[in-house]
1. Output the residue which, of all residues in segment 6-28 that are assigned to a strand (DSSP E or B) and modelled with pLDDT under 95, is surrounded by the fewest Cβ atoms within 10 Å (Cβ to Cβ).
2. Quick one: how many residues across segment 92-109 are more than 11 Å from the chain's Cα centre (by Cα) and either in a loop (DSSP other than H, G, I, E, B) or under 16 Å from Cys22 (Cα atoms) (or both)?
3. In segment 50-81, what residues are buried (at least 20 other Cβ atoms within 10 Å of the Cβ) and in contact with a helix residue (DSSP H, G or I) (Cβ under 7 Å, 6 or more places away or on another chain)?
4. Taking interchain pairs and intrachain pairs at least six residues apart, which have beta carbon atoms under 9 angstrom, with the first residue in segment 47-74 and farther than 14 Å from Tyr93 by Cα and modelled with pLDDT of 95 or more and the second of a type in the set (A, V, I, L, M) and part of a loop (DSSP other than H, G, I, E, B)?
5. Right, Gly42: surrounded by fewer than 17 Cβ atoms within 10 Å (Cβ to Cβ) and either in contact (Cβ under 8 Å) with a residue 60 or more places away in the chain or touching a His at 6+ places or on another chain (Cβ under 7 Å) (or both) or not?
6. Quick one: which residue in Ile101, Ile31 is surrounded by fewer than 15 Cβ atoms within 10 Å (Cβ to Cβ), within 16 Å of Glu6 (Cα to Cα) and modelled with pLDDT under 95?
7. Return the residues of segment 82-91 that are under 11 Å from the mean Cα position of the chain (by Cα) and open to solvent by 30 Å² or more (accessible area, probe 1.4 Å); say none if nothing qualifies.
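The values are calculated or read from the model by the stated rules, or taken from the named source; none is laboratory data. None of these values were measured; they are calculated from a predicted model. Cβ: placed from backbone, ideal geometry, glycine included. Neighbour counts: every protein chain shown. Heads up: the accessible areas ignore ligands, DNA and RNA and are worked out on the full protein's heavy atoms, side chains in. Shrake-Rupley method; radii C 1.70, N 1.55, O 1.52, S 1.80 Å.
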Amino acid sequence: QVQLVESGGGLVQPGGSLRLSCAASGSILSIGDMGWYRQAPGKERALVAAISHAGSTTYLDSVKGRFTISRDNVKNTLYLQLNSLKPEDTAFYYCNTFPPILRYWGQGTQVTVSS
């Protein structure tokens with residue numbers, strides 16, 4: 001059974017950086033397209049970035065140039081580097097396949113950007 005566990009969130013000041021990790025059980029990372037999603041209070045969950053098995057990437061316009069998605073298929077780990085963080089980036093961040101599979105949603109990791 002696939003399990004995705006996110007980590008790396010925290011409280012950071014505007015302009016700061018964080019690196020999120022998503023550890024996957026099984027070999028899902030080695031065969032599938034993956035994505036990072038986020039859900040802010042009162043808003044729907046939305047795709048932030050996605051990466052294909054071959055390494056092609058796509059980003060939400062508001063994070064282009066600031067966030068970088070990457071994957072290590074050997075370690076079965078997905079990453080999201082968050083730079084130049086803004087208060088509007090505050091949200092719970094989740095990883096899942098792209099497109100997402102309902103039963104794979106984990107607990108997420110909280111990112112709070114505040115001074």
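1. At the first step, the residues of segment 6-28 found to be assigned to a strand (DSSP E or B) are 6-7, 10-12, 18-24.
Those still in the list that are modelled with pLDDT under 95 too: 23-24.
Working: Ala23: 16, Ala24: 24.
Of everything passing the filter in segment 6-28, Ala23 is surrounded by the fewest Cβ atoms within 10 Å (Cβ to Cβ).
2. Taking segment 92-109 and keeping what is more than 11 Å from the chain's Cα centre (by Cα), we get 98-107.
Imposing the further condition that a residue be either in a loop (DSSP other than H, G, I, E, B) or under 16 Å from Cys22 (Cα atoms) (or both) reduces the set to 98-101, 103-107.
Number of matching residues: 9.
3. Of everything in segment 50-81, those that are buried (at least 20 other Cβ atoms within 10 Å of the Cβ) and in contact with a helix residue (DSSP H, G or I) (Cβ under 7 Å, 6 or more places away or on another chain) turn out to be Arg71, Leu78.
4. So the pair list comes out as Arg66/Leu85.
5. On the way: surrounded by fewer than 17 Cβ atoms within 10 Å (Cβ to Cβ): yes; either in contact (Cβ under 8 Å) with a residue 60 or more places away in the chain or touching a His at 6+ places or on another chain (Cβ under 7 Å) (or both): no.
No: the conditions fail for Gly42.
6. Numbers: Ile31 fails: within 16 Å of Glu6 (Cα to Cα).
Of Ile101, Ile31, the one residue that is surrounded by fewer than 15 Cβ atoms within 10 Å (Cβ to Cβ), within 16 Å of Glu6 (Cα to Cα) and modelled with pLDDT under 95 is Ile101.
7. None - no residue of segment 82-91 is under 11 Å from the mean Cα position of the chain (by Cα) and open to solvent by 30 Å² or more (accessible area, probe 1.4 Å), so the list stays empty.
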